[in-house]
Amino acid sequence: MTTAAIIVAAGRGTRAGGEIPKQWQMLAGQPVLGHTLRAFQGYFRVLVIHPDDRARAQGLPADLVVNGGADRAQSVRNALEALQGRAVTRVLIHDGARPLVSGLQIARIQAALDAGPAAAPALAVTDALWRGENGAVSGTQSRDGLFRAQTPQGFHYDPILAAHRAHPGGAADDVEVARAAGLPVTIVAGEESNLKLTFPEDFARAEAILKGRGMDIRLGNGFDVHAFTEGDHVWLCGVKVPHDKALLGHSDADVGMHALTDAIYGALAMGDIGRHFPPSDPQWKGAASHIFLEHAINLATEMGYALTNCDVTLICERPKVGPYATAMQARLADIMGVEASRVSVKATTSERLGFTGREEGIAAIATATLLQR
């Protein structure tokens, strides 16, 4: 299953004021769309923009940039058509001007799509509703059964593509398109913080929400094992260590660096090395493990996190790690672009117990702490 996130950002957003469209204005030090795209880190991200905004889109973390259409429905259809042939099975269609969507909200949509073809977040209307005419109250409206729609709105890919192709256009959102095609849409609990930036005052509210989320500290653990094979050295934490055996693996089998890489992925809730660098892919045969660690730390940076410290423990009887520990510490720090004082490398034995005690291989555990910048 592959899920794509379609970020719709082709509108002009004039009600928000400012000299540029609202989705390109700054929020907490970065463009609104920067926050929105990073909320969908890990998904294939399609950014739908106005053709005039191509230059502004440079450098944003989007996998595909598509020109929008005359209205929102056409913009979404352009993105859906661009996804053909990419093995996409689900799409999450989200307003670019909703930068505060949470990972929990996205997870709720995904869970609902396990049971049906479409799902969307909404908030029940709790305020009294009036009808107005000429600036005066002309009547009341029952709020029973009424909801305020939010995004992302999630769909199985093939049905929503067919629905958009059959729709005449002009729909307010993708739920309207889906329902016109007869697709049932599950309502998922929305979040008040998932506001859509519409007016100038919304930016101040969004800033306050971002500040109120407080310090975000992430902790991840990694564990890896590699067996010994014939050879004359092992790679451990980026350092070539002479030994009468080598470690067996698809890449260079650097067990310490693999554990640390998985610890960073774990802190980000982004799976493990196998998810990003499948062992079934021949291009990674014999690859140097610093490629994996660099990817993990760059991903953390892209998601707005910095490594505060990490700790790697190598478990083996031999080779002796002590003489090389300082070099390993320096090498890992260099790869991750941090001070060596933030990196710990140490070793222990298993008291001759188990496969490491029998010198059949080496194990490693690692912990990484990330702090949102």
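Throughout, read-outs are computed from the coordinates displayed, never taken from laboratory work. Not measured: the values here are computed from a predicted model. Virtual Cβ from ideal backbone geometry, glycine too; neighbours counted across all protein chains shown.
Compactness of the chain is given as radius of gyration and Dmax, 25.2, 89 Å, from Cα positions. Positive contributions from Lys and Arg (+1) and negative ones from Asp and Glu (-1), summed over other residues with Cβ under 15 Å from the Cβ of residue 250, come out at -4. Once the C-beta distance of residue 311 and residue 276 is scaled by a Förster radius of 30 Å, the resulting FRET efficiency is 0.85 to the nearest 0.05.
Fewest neighbouring Cβ atoms within 10 Å first, the residues 126, 356 line up as 126, 356. Listing 26, 328, 257, 270 from fewest to most neighbouring C-beta atoms within 10 Å gives 26, 270, 328, 257.
For residue 10, neighbours were defined as the other residues whose beta-carbon sits under 13 Å from its Cβ, and their charges (Lys and Arg +1, Asp and Glu -1) total +2.
Among 138, 344, 280, 289, the ranking by other beta carbons within 10 Å of each residue's beta carbon, starting with the fewest, stands as 280, 138, 344, 289. In this simple spin-label model, placing a label point 7 Å from the Cα along the Cα-to-Cβ direction at both residue 248 and residue 179 gives a separation of 6.0 nm.
If a paramagnetic tag sat 7 Å from the Cα of residue 341 along the Cα-Cβ line, which residues of the range 293-314 would have the backbone N under 19 Å from that point? Label zone hits: 306-312. Helix 72-82 and the longest principal axis of the Cα set of the chain meet at an angle near 40°. The shape of the range 121-177 can be summarised by an equivalent ellipsoid whose semi-axes, obtained from the alpha carbon gyration tensor, come to 31, 15, 8 Å from longest to shortest. From the cross-link list 285/346; 245/346; 245/320, which pairs have alpha carbons spaced over 18 Å apart? Distance filter (> 18 Å) returns 285/346; 245/346. Label-to-label distance, residue 229 versus residue 198, with points set 7 angstrom from Cα along the beta-carbon direction: 6.1 nm. Extension gain, residue 126 to residue 287, is 52.3 nm, computed as 0.36 nm per intervening residue step minus the present C-alpha separation.
Volume per residue for the range 217-372 equals 100 cubic angstrom (convex hull of Cα atoms). Within straight-line reach of residue 240, meaning a Cα separation under 13 Å, sit the following aspartates and glutamates at least 8 residues removed in sequence or on another chain: 232, 252, 254.
Could you tell me which residue out of 180, 193, 237 lies farthest along the dipole of the range 163-288 toward its positive end? Charges go on the beta carbon: Lys and Arg +1, Asp and Glu -1, centred on the Cα centre. Highest projection toward the positive end goes to 180.
Couplings 3J(HN,Hα) of the range 187-196, computed from phi: 8, 10, 4, x, 9, 4, 6, 7, 7, 9 Hz, in residue order, whole Hz [Karplus 6.51 cos²θ - 1.76 cosθ + 1.60, θ = phi - 60°; x for Gly and Pro]. From the largest down, the range 13-90 spans 39, 29, 20 angstrom on the principal axes of its Cα atoms.
For the range 219-240, the residues whose backbone nitrogen is under 14 Å from a point 7 Å from the Cα of residue 360, taken along Cα to Cβ, are 225-229.
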